[in-house]
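Please read the structure below before turning to the comments.
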Amino acid sequence: MTRHTATLAGTWGRRLALLALLALPSVHAQQTREDLARQLPASDLSGAQAQRSARQFLAAPGFALARVADNPLAATATPVGEKVCIACHQLESEHFTHTVHALGLHAAAKADPAIPVCETCHGPGSAHAQDPAGKGLILGFTRSSATPLAQQTRTCLTCHEGGARDHWAGSIHQRNDLSCSDCHNPMATFSGEGLLAKRSINDTCAQCHNDVRMEFGRRSHMPLAEGQMSCVDCHNPHGSLTAPLLKTATVNETCYQCHAEKRGPFLFEHAPVRQNCLTCHTPHGSNQHALLVAPVPFLCQQCHSQLGHPNDLLTPQSLANGAHPDERLIGRACLTCHAQIHGSNAPSGPKFHE
Ligand code: HEC
Ligand code: HEC
Ligand code: HEC
Ligand code: HEC
Ligand code: HEC
Ligand code: HEC
Ligand code: HEC
Ligand code: HEC
Ligand code: HEC
Ligand code: HEC
């Protein structure tokens, strides 16, 4: 009902505006230059106004709302400012200078001196400055610091909540007591991007998952060791809804990101391919050909018997040796004939032949 009334009012409003427009020419005829000038917005070429409106643009938007972090272990401490920290932490400050946080916080602090720099992450510093050895008086992010883990991550998450970190809470890394600083070191530039604790993403993960990195050294592997891929192509270390920390809803979706041709659609589908690529492949590396979990023909024989195979009668022993080896088992074995193993659209029918 109200909507209807609103539409009616809208229609009438438009009609009135139309009438007013029709009446305009006569109004114009009576206006002087001064009348017109008065209707125009004031022009001020001094630049003062431009400066005023520039202040409304935030100097460094992500940092414009930065505030001094909470530190319950130093409840009465007050902020002391960056200069005081630098007085004792010259070296750390120099390393910090070229990081994205330093650039952003310094730009924001220049536009608004109330924006803290070091104390955005480390909390108010007065108690620590008076008693540097006092435990927990400054927010620390190392394992030896007295600051509880939850407090450490909460400090970073005040600005970095959501997005990739939507599922941080409850993730396997959060539950295993990892802190942001296990993988990130915002105090210096060790990596090209991402403020990582080590030189690269793979090195960062290898701190704890070196066994997985080693698997990429096997005979067949995707080019991770060669630097063409990284663990985060498939995993989200900040947490995800799919175990184990996969970026997509299923294993197959992860693989389709790069192997899109395996998605199909196929007229003749191979059931295990649709179900899960890991039925036949391992993601991190294999000593078999093509990342397979077992060599062909054994891989296929886990599910298929030879019974009913067209040339079954020729080689009843079904072995790859002897005077008349079974051609189904030599060389590329089953794949010689069933080459389109991921599914096929070939007119030759549903047996995945070339
Ligand atoms: C009077 C000198 C002094 C001032 C001022 C000072 N610090 Fe420190 N800070 C130290 C010393 C000394 C240590 C090492 C304490 C120890 O090892 O027990 C330290 C340790 C730290 C740590 C490591 C603590 C931990 O638990 O891991 C951080 C972080 C820190 N300072 C940050 C700051 C910040 C931020 C400021 C400015 C708000 C600041 N400091 C001001 C002397 C100072
Ligand atoms: C973006 C958040 C952030 C800002 C801003 C920041 N720090 Fe840090 N700081 C950290 C983290 C995280 C660590 C732990 C790094 C690690 O894993 O060794 C740290 C560690 C430190 C340490 C201890 C180093 C050690 O080896 O124990 C000192 C001292 C320190 N910061 C001083 C400063 C000073 C001084 C400033 C300002 C010039 C500053 N920080 C600004 C996040 C920050
Ligand atoms: C005051 C807000 C604020 C706080 C607190 C903060 N950050 Fe940031 N951080 C930013 C902004 C803004 C950027 C730059 C924009 C972006 O990449 O989202 C950034 C960038 C980053 C990046 C990406 C750097 C890159 O090269 O792409 C990482 C990693 C990061 N922060 C980690 C941390 C960690 C770890 C902490 C806690 C120790 C922390 N941040 C605390 C605001 C903050
Ligand atoms: C297990 C390691 C690990 C932990 C723990 C971790 N990160 Fe990251 N983070 C990474 C890696 C690796 C990247 C680089 C991802 C990329 O380049 O796509 C990254 C990227 C980021 C980025 C920049 C890209 C983005 O997603 O916006 C921010 C910001 C960030 N992390 C913040 C955090 C915060 C805050 C925490 C703590 C709550 C945290 N990280 C904990 C490994 C980790
Ligand atoms: C500080 C050590 C540490 C670092 C660094 C680390 N992880 Fe982990 N990660 C763990 C722990 C601990 C677990 C839990 C292991 C377990 O329960 O078997 C885990 C679990 C995982 C799992 C899930 C395993 C499962 O069985 O569900 C994946 C996937 C994973 N990490 C990937 C990564 C990636 C990718 C990186 C780098 C961005 C990384 N981790 C960096 C310690 C670490
Ligand atoms: C091509 C995608 C891909 C890449 C790249 C990748 N993973 Fe995985 N990862 C997976 C899949 C899929 C699984 C699930 C395996 C399963 O269920 O058997 C997995 C499982 C895991 C697990 C838990 C099981 C195990 O094998 O221990 C960990 C931990 C892990 N990955 C860490 C890493 C690390 C660290 C890297 C980088 C060195 C990495 N992954 C690179 C896809 C990938
Ligand atoms: C980020 C991209 C990416 C993702 C995601 C990815 N791959 Fe790969 N994969 C590659 C690249 C690149 C190669 C190497 C291609 C080449 O050398 O021609 C490769 C090669 C392969 C090979 C052939 C290996 C060999 O030795 O011949 C197999 C099998 C494979 N991937 C399976 C998978 C499976 C299964 C998944 C999902 C768990 C997956 N891939 C996810 C990029 C990816
Ligand atoms: C029934 C077992 C099986 C399943 C399931 C399977 N594959 Fe394969 N895959 C193979 C075999 C066997 C080869 C080797 C083919 C050859 O050497 O001609 C292979 C080879 C590959 C290759 C390298 C050669 C090529 O064709 O590009 C890629 C990439 C690949 N598979 C990706 C996938 C992906 C992605 C999935 C899931 C959608 C998947 N595979 C599911 C058996 C399987
Ligand atoms: C995890 C079990 C599994 C594995 C491993 C497997 N398959 Fe299959 N395969 C199936 C299922 C299930 C079907 C569908 C059967 C049906 O529709 O009656 C199928 C269908 C086929 C068909 C078509 C049969 C028909 O009657 O249309 C061929 C040919 C085939 N597979 C060959 C292979 C080869 C070659 C390998 C090894 C590279 C292999 N399969 C590995 C489960 C598997
Ligand atoms: C010399 C070529 C050749 C080789 C090697 C071969 N096959 Fe076949 N396969 C065929 C032909 C031809 C058919 C039947 C086609 C038809 O009936 O339309 C067939 C049919 C099948 C069927 C469907 C059987 C049915 O009952 O309908 C399966 C499953 C199968 N093959 C699996 C395998 C496996 C597993 C291997 C490896 C151990 C293998 N094949 C090796 C040529 C081959």
- Task: Quote to one decimal, in nm, the extra length available between THR97 and GLN275 on full extension: 0.36 nm per residue of separation minus the C-alpha distance between them.
- Result: 59.0 nm
- Sparse-neighbourhood loop hits (trypsin sites (Lys or Arg not before Pro), region 84-191; DSSP loop; Cβ within 10 Å at most 12 others) -> LYS135, ARG143
- Note on the structure: Two pseudo-spin positions, 7 Å from Cα along C-beta at MET214 and at THR158, lie apart in nanometres by 4.3 nm
- For SER46, placing the label point 7 angstrom along Cα-to-beta-carbon and taking region 83-125, residues whose amide nitrogen sits under 20 Å are none
- Task: Provide GLU119, GLU82, GLU269 in ascending order of the number of other Cβ atoms located within 10 Å of each residue's Cβ, fewest first.
- Result: GLU269, GLU82, GLU119
- Let me know the charge dipole size of region 163-233 about its Cα centre in debye, to the nearest 20, where only the beta-carbon of Lys, Arg (+1) and Asp, Glu (-1) is charged. 120 debye
- Message: With +1 assigned to the C-beta of every Lys and Arg and -1 to the C-beta of every Asp and Glu, and no other charges, what is the dipole magnitude of region 60-160 about the Cα centre in debye, to the nearest 20?
- Response: 180 debye
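Highest mean first, what order results for 66-76, 219-229, 35-45 on Cβ atoms within 10 Å?
Order by mean packing, descending: 66-76, 219-229, 35-45.
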- Message: Give me the net charge for the shell around SER126: Cβ to Cβ below 15 angstrom, other residues only, Lys and Arg +1, Asp and Glu -1.
- Response: -3
- So what is the relative contact order of region 130-228, in percent, for Cα pairs below 8 Å that sit 6 or more residues apart? 13 percent
- Query: Under a point spin-label approximation (7 Å from Cα along Cα-to-Cβ), what is the ASP70-CYS303 distance to one decimal in nm?
  - Reply: 5.3 nm
- Query: What does region 60-160 give for Rg and for Dmax, in Å, if only its C-alpha atoms count?
  - Reply: 12.9, 36
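A short reminder: the numbers here are calculations on the coordinates, not readings from a lab. Since the model is a prediction, treat every value here as computed from it, not as a measurement. With ideal geometry, Cβ positions are generated from the backbone for all residues, glycine too; neighbour counts draw on all protein chains shown.
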